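Trainee: This is the structure, below, for whatever I ask next.
Every number here is computed from the coordinates shown, using simple stated rules; none is lab data. These figures come from a predicted structure and were not determined experimentally. Here the Cβ is made from the backbone with ideal geometry for all residues, glycine too, and neighbour counts use every protein chain on show.
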Amino acid sequence: MKALLRMFRPSRKLALIIGGSALLAGVSGGAAVYVGKDRLLGDEEAADGVACTDVNLVTIKKQDHVWVRKYIKTEPVDGMTRIKTALRVAQAVYEAQKPDLVQVVVLDENGPTLRSDIRGRAIGADVVYIAHPDKMVEGLNDKPYTARYYDGKASEQGLFYGERIELADDRIAALNASLKDPADCIDPVAVASTKKESKTVAGGTALKEAEEPSAEEQAAKDAAAPGEAAPAEEPPAKSGH
């Protein structure tokens with residue numbers, strides 16, 4: 001029996017190889033789980049939201065302060081993505097204009113566009129940014145950021161449902177710090193104007209080229225055209241007899 005056990009007992013070298021392989025597999029698996037989770041969290045925190053389109057911009061001057069309220073719309077996305085988009089746009093507006101207060105209101109792409117209709121569940125997310133709360137009107141707000149959103153998706157009419165959530169200050173700070181590219185929304189009026197100017201310039205250039213042929217084209221045209229004949233001399237008048 002002892003001889004049989006000795007026959008199946010692995011050598012010391014083989015035991016070390018097997019043990020090392022098992023340890024390496026365990027460590028690799030744990031590292032893969034950790035890295036995977038970290039990567040997922042990193043993607044979530046680093047996302048800058050989605051593309052958006054300007055709806056309306058209101059500038060208010062009150063007691064030597066400038067407040068900017070911007071209405072934007074996005075494609076149907078979840079509540080946190082709307083918040084990230086609003087935070088990103090708020091940063092962009094502040095960098096461009098340096099107002100005392102920036103408010104970004106996020107609407108659905110099918111939502112209302114008239115200011116009188118933008119209220120209640122038409123507002124999918126709302127972010128307020130105050131760069132210097134100590135300089136604002138007393139009692140208005142003592143925090144740099146506030147952020148609220150509906151966690152449900154929008155209906156076909158652009159109205160949001162679900163629970164209304166107000167983010168904690170530390171969560172807003174983490175999301176704001178994770179933004180990489182504070183890009184503003186697309187202004188459809190500016191885009192349409194640019195396209196119109198491009199078409200006008202292109203049309204004017206084509207017309208000019210049609211009116212003024214190049215030197216090569218003119219030379220080829222001159223070579224192909226027949227020369228003008230010299231005026232024929234009038235025959236001498238016959239003398240009468």
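Trainee: Quick test of your reading of the structure: L57 fulfils all but one of (1) of a type outside the set (K, R); (2) in a strand (DSSP E or B); (3) surrounded by fewer than 19 Cβ atoms within 10 Å (Cβ to Cβ); (4) in contact (Cβ under 8 Å) with a residue 24 or more places away in the chain. Name the failing condition by number.
Mentor: Status for L57: all satisfied but (4).
Trainee: Kindly evaluate D48 against the criterion of being surrounded by fewer than 23 Cβ atoms within 10 Å (Cβ to Cβ), among the acidic types (D, E) and either free of Cβ contacts under 8 Å to residues at least 24 places away in the same chain or not in a loop (DSSP other than H, G, I, E, B) (or both). Don't jump to the end; show me each part of the working.
Mentor: Values: surrounded by fewer than 23 Cβ atoms within 10 Å (Cβ to Cβ): yes; among the acidic types (D, E): yes; either free of Cβ contacts under 8 Å to residues at least 24 places away in the same chain or not in a loop (DSSP other than H, G, I, E, B) (or both): no.
Here the answer is no, as D48 does not meet what is asked.
Trainee: Right, another one. Which of the residues spanning the range 151-181 are touching a Phe, Trp or Tyr at 6+ places or on another chain (Cβ under 6 Å) and part of a loop (DSSP other than H, G, I, E, B)?
Mentor: G152, G162
Trainee: Next question, about the same structure. If the requirement is being farther than 23 Å from V58 by Cβ and out of contact with any Lys or Arg (no Cβ under 9 Å at 6 or more places or on another chain), which of these qualifies: A122, A168? Let's see the steps before the verdict.
Mentor: Values: A122 fails: farther than 23 Å from V58 by Cβ.
After applying the criteria, what remains is A168.
Trainee: I need the full set of residues from the range 78-108 which are in contact (Cβ under 8 Å) with a residue 40 or more places away in the chain and out of contact with any strand residue (DSSP E or B) (no Cβ under 7 Å at 6 or more places or on another chain), in order please.
Mentor: Within the range 78-108, D78, M80, K84, R88, Q91, A92, E95, A96 meet the criteria.
Trainee: Pairs only if they're at least six apart or on different chains, beta carbon under 7 angstrom, first in the range 146-170 and in contact (Cβ under 8 Å) with a residue 40 or more places away in the chain and at positive phi, second part of a strand (DSSP E or B) and among the hydroxyl-bearing types (S, T, Y); list them, first residue then second.
Mentor: G162/Y150
Trainee: Anything in the range 144-183 that is of a type in the set (V, I, T) and surrounded by fewer than 17 Cβ atoms within 10 Å (Cβ to Cβ)? List them, or say none. Even if it seems obvious, please write down each step before you answer.
Mentor: In the first step, residues of the range 144-183 are kept if they are of a type in the set (V, I, T); the result is 146, 165, 172.
Result: T146, I165.
Trainee: Residue by residue through the range 81-121, note down the ones that are within 21 Å of D170 (Cβ to Cβ) and of a type in the set (K, R).
Mentor: Hits for the range 81-121 are R82, K84, R88.
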